[in-house]
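The values are calculated or read from the model by the stated rules, or taken from the named source; none is laboratory data. This structure is a prediction, so every number in the text was calculated from the model and none was measured. Counting neighbours? That spans all protein chains shown, and the Cβs are built from the backbone with ideal geometry, glycine included.
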Amino acid sequence: MRTIIPPVEKLAGFLPKNSRNDKTLNVLVKVANFVRHIKTNAILHFLSLHIPFTEPVVIIALVLLILLIGPVFFERIRIPSIVGLLLSGAIIGPHGFNLLSPDLEFSLLGTIGLMYLMFLAGLEIDLIDFIENKVKSIFIGLASFFIPFVSGYLISRYVLEYEVMSSWLIGAMLSSHTLISYPILGKMGLVSKSIVTIVVGATIIADILALVAMELITNFAQSGFDIDGILLLALHFALFFFIVLLVVPRLARIFLNVYEGNLGVQYIFVLLALFISAATAHLLEIEPILGAFFSGLVLNRQIMNTSALYKRIEFIGTNLFIPFFLISIGMLANFNLYLNKPHELIYLTILVLTAFGSKYLAALVSKLIFKTSRSEMNLLFGLSTSRAASAIAIILIGLNMGLVTEAILNNTVILILITSISSSYITQYSGKKLLVDDNNFTSSTKKSTQKLLVPVANPANIENLLDFAALIKTDNQAVPIYPLTVFTNRDNNVRNQIDEKQKKIVRIIESMHSDIPFETNTRIDGNVTNGIVRAAEEIVATGIIMGWNNRHTPFHILFGNVLNNLLEKTNRMLLVIKTPTSLREVKRITLFCNENAQFEPGFTLWLDTLITLSRNLQLKFSVNCTSRMTYDAIQKYMTKQNTVKYLEHHSELVNLRRQQKSIIKNSAAELLVFVNARRETVSHSRQFEHIMNNSISRFSRNNIVIIYPEQ
């Protein structure tokens, strides 16, 4: 073996003459032998690695290498990253180059990825949209189950001529689907779309029915029709829903509030809640993916999409755990079987056509009934056509019971690979079409970039002000929120005051653990009003947020002069908020507005702001107007923007003063929003202003927002 280590004599030749002695040569000999020994051992150890790799460190290193270079490579050749991960799994798997085997370590990571995928689907779902469209979800879920279930049985029994029980199991397998391409929608920003929420709900219904059908089929195959087994399964589901839907959210609410700001502890708790829910389902003989989904659903209200905790949950899942699951699915594919048994290729083709045709027919029926667009129908088809976890579970159980053959299992694996790849392409294509349609729809109402200016003075209220600004901020992460401090004195000590105030604001921002950018501003001006107005003009602010948290100081006394001066000197939208408690405690939003509010120039701006707040708090808001025309204008605009789901109900109040006691409760769980107006504008009313001031004084525990629309 050739060595790059030079002879000791040559090394000695480079030494000074007076140092060429036996002691030096002995040291050099030892060093050379040591280096040679390390090099030889490293080569031998590398050559001794067996294929497939069994060392956990090597397995993880190889997979991480795929995760690093795979997406870049596949994007260059215009293949979705999800498809690339599935193909990578097939290449390195036991039926490809056999670099990895589905051993304990890798299957564990794949299982975590699957649980994470379902958990994120539940966590990201828009609960308001889900409840609003529950009828559609139920119908589409039933259609997505029954059409493939019946089609799969008929094709398997009478075309492929499988046994009766095998045919029923294949029908159950085809009726399920897994949201493999769901991460694609996350990158496109489409997860909040109504059609996506509907499909997520339909997925759960279809998978539950598929798993229940599997239980009934296997029970019937073992012991005939067993009513006790059916009742036991119903009892298990009842116990599961009690634990996951009632116990877990209460524990989460307490724990996340106690450890607010400690992201590490909160994240570990979220993972614990996820796997406790999945383990509970497993112990009750229910598929663990349902436990993972429902754990995300019950934590949805506690973990807002704008929070730093949510960002970290999503980041780790989409970049680490979920890719492991996708690779593990690809590793199951065995294409060599079709070289030995060519007739199985015909069976596979028929099975794949049945899988696609039945799900497409379900999407088409849903389109005809609910009048959805073609892009939405294609998106529904794309999301629901992929199979994975439930399909494998159903066929594996059938294989263990002797109801299906290994050839059917392999056809199922290849079916999963084909449908998952197709699902990625269809979802990506239809998602882009949906984005184009939305852009064409909203192009006529193009809005200016949202910029929020937050003047801060009282350190006790800064966090609540910035938290409110984060809740009404749109998804544009490139634009920061601008906290502003105004100083009116110009003495030599003002520099120290500025530095001290800036440090306080920075500490508060850091304690929020938010991923939203903040850009602090400081101004020295003759008075506070001029400083705020000039700062608003410089950044072209769309909204100025001011606030107080004192329960007892009257609003008109605390804000009289400053607010009146601001309203006179700027035409920007002003939001004055009272936050005696955290906005996270709010459970109900009530809007009060006077007649003719729809004729203010800033009508759509404040309404969009309220809709964003409702979306982030996952709450609807009720509207109370003194005019039916104003309510109709609100409803019409929200319908046009596809946000009417956040509108709860309407109360036409001719006499607001008389009925406000029955509407408002003195509670921190209620947020009151008053749309006031500048004097001498079309919607200004002294009576409405008087009622608003009385409400603020009377309901001291409520969080309150007063909006002065842009002029």
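A few remarks follow.
- Applying the criterion of being surrounded by fewer than 12 Cβ atoms within 10 Å (Cβ to Cβ) and over 30 Å from residue 150 (Cα atoms) to the residues of segment 233-255, the residue that is modelled with the highest pLDDT is 242.
Yes/no matrix, rows are residues, columns are (1) assigned by TED's automatic domain parsing to the domain that holds residue 182; (2) surrounded by 18 or more Cβ atoms within 10 Å (Cβ to Cβ); (3) in contact with a Lys or Arg (Cβ under 7 Å, 6 or more places away or on another chain):
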residue	(1), (2), (3)
231	yes, no, no
257	yes, no, no
267	yes, no, yes
283	yes, no, no
292	yes, yes, no
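- Residues that are surrounded by fewer than 22 Cβ atoms within 10 Å (Cβ to Cβ), acidic (Asp, Glu) and either touching an Asp or Glu at 6+ places or on another chain (Cβ under 8 Å) or in contact (Cβ under 8 Å) with a residue 12 or more places away in the chain (or both) occur at least once in segment 600-608.
- Scanning segment 267-318 for residues that are assigned to a loop (DSSP other than H, G, I, E, B) and touching a helix residue (DSSP H, G or I) at 6+ places or on another chain (Cβ under 8 Å) yields 284, 285, 286, 287, 300, 301, 302, 303, 304, 305, 306.
A quick yes/no check of all residues on (1) at pLDDT below 85; (2) surrounded by fewer than 20 Cβ atoms within 10 Å (Cβ to Cβ); (3) assigned to a helix (DSSP H, G or I):
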residue: 375; (1), (2), (3): no, yes, yes
residue: 380; (1), (2), (3): no, no, yes
residue: 394; (1), (2), (3): yes, no, yes
residue: 398; (1), (2), (3): yes, no, yes
residue: 402; (1), (2), (3): yes, yes, no
residue: 413; (1), (2), (3): yes, no, yes
residue: 423; (1), (2), (3): no, no, yes
residue: 434; (1), (2), (3): yes, no, yes
